[in-house]
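Structure record follows, encoded as structure tokens.
The values are calculated or read from the model by the stated rules, or taken from the named source; none is laboratory data. Note that the structure is a prediction, hence the values are computed from the model and not measured. Positions of Cβ are backbone-derived with ideal geometry, glycine not excepted, and every protein chain shown enters the neighbour counts.
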Amino acid sequence: MVGDPILVLAPLFFLIALMLLAFALEAPAGPEILVPLVSLPPVDAFTDVGIIGLHDRGTAVTWILRAVALIVRTGVFGIIATLAVQRARGVLPSLGGAARTVWERVRSFGFMELASFAVFGVTLSLGADLASPRDDGAIGTALLFGVAVLAGGFIAAADGLAGGAAFRRGMRWIRRRPLGHLALVALYGFASNGLFRLAAIGEPGKPRALPMMLYAALSALLTMWAVLAFARRHVLLYAEDAPRPG
């Protein structure tokens, strides 16, 4: 990742853009808002649904904003996933090339993002009480399960497959090398939580702005690293042209 500047700059650029969008929706500058802004699906969808639901906007406006968020996420994570696949395929990552790929495969990415919003984002936000440690832990576990289910599908879509086929290809980890896939998901969750512990260390109350901003930036880079790892596993293990043992 460090060897390709675009892989470092892209998630940070998206973090700033999404942060401005979140603030425009009157979201508070808290860690629960800033940190998951650049994250793996369905964590990003859950965050968007939560931000939109912070204020009573009316049913029509709420669903319009959710539709806009879905479109934005389709573009943002589609570009991130495509950059990762370019790198995994040994192609020089290109932001312009990634944007064209997302435009050409917008239905595939849109299908995956819609599943992220519908199955996890909206569903988990119904009746969620993040102030309750029990509910917070259950939602976190469900979101990590969603990462395990959806991450491979997004990578397969970036590699050229249509929506349904991408989802089925993304689930190949169930049959082949599942422990590595699950370990990567768990590592992503533990690393994100560990970064928060470091950022909030010694803070008896609300964490200060600078540690939270650093945390948000590191979390965005962690997400990019995780997507690169998923893309590498896809190319080596799950793609149609992946090397076969023996």
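So the values come out like this:
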{"item": "Residue in the range 216-235 that is surrounded by 20 or more Cβ atoms within 10 Å (Cβ to Cβ), within 28 Å of Ala88 (Cβ to Cβ) and modelled with pLDDT under 90 present", "result": "yes"}
{"item": "Residue satisfying condition, being surrounded by fewer than 16 Cβ atoms within 10 Å (Cβ to Cβ) and either of a type in the set (Phe, Trp, Tyr) or out of contact with any Cys (no Cβ under 8 Å at 6 or more places or on another chain) (or both), within set Arg66, Arg87, Arg57", "result": "Arg57"}
{"item": "Residue count, the range 1-49 (criterion: more than 24 Å from Thr82 (Cβ to Cβ), touching a residue at least 40 places away in the same chain (Cβ under 8 Å) and either of a type in the set (S, T, N, Q) or in contact with a helix residue (DSSP H, G or I) (Cβ under 6 Å, 6 or more places away or on another chain) (or both))", "result": "4"}
{"item": "Count of the range 34-73 residues which are in contact with a Phe, Trp or Tyr (Cβ under 7 Å, 6 or more places away or on another chain), outside any helix (DSSP H, G or I) and not aliphatic (A, V, I, L, M)", "result": "2"}
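For every residue, the table says whether it meets (1) modelled with pLDDT of 90 or more; (2) in contact with a helix residue (DSSP H, G or I) (Cβ under 8 Å, 6 or more places away or on another chain); (3) aromatic (Phe, Trp, Tyr).
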{"site": "Val76", "(1), (2), (3)": "yes, yes, no"}
{"site": "Ile80", "(1), (2), (3)": "yes, yes, no"}
{"site": "Gly96", "(1), (2), (3)": "yes, no, no"}
{"site": "Arg100", "(1), (2), (3)": "yes, no, no"}
{"site": "Ser108", "(1), (2), (3)": "yes, yes, no"}
{"site": "Met112", "(1), (2), (3)": "yes, yes, no"}
{"site": "Val119", "(1), (2), (3)": "no, yes, no"}
{"site": "Leu124", "(1), (2), (3)": "no, yes, no"}
{"site": "Gly127", "(1), (2), (3)": "no, no, no"}
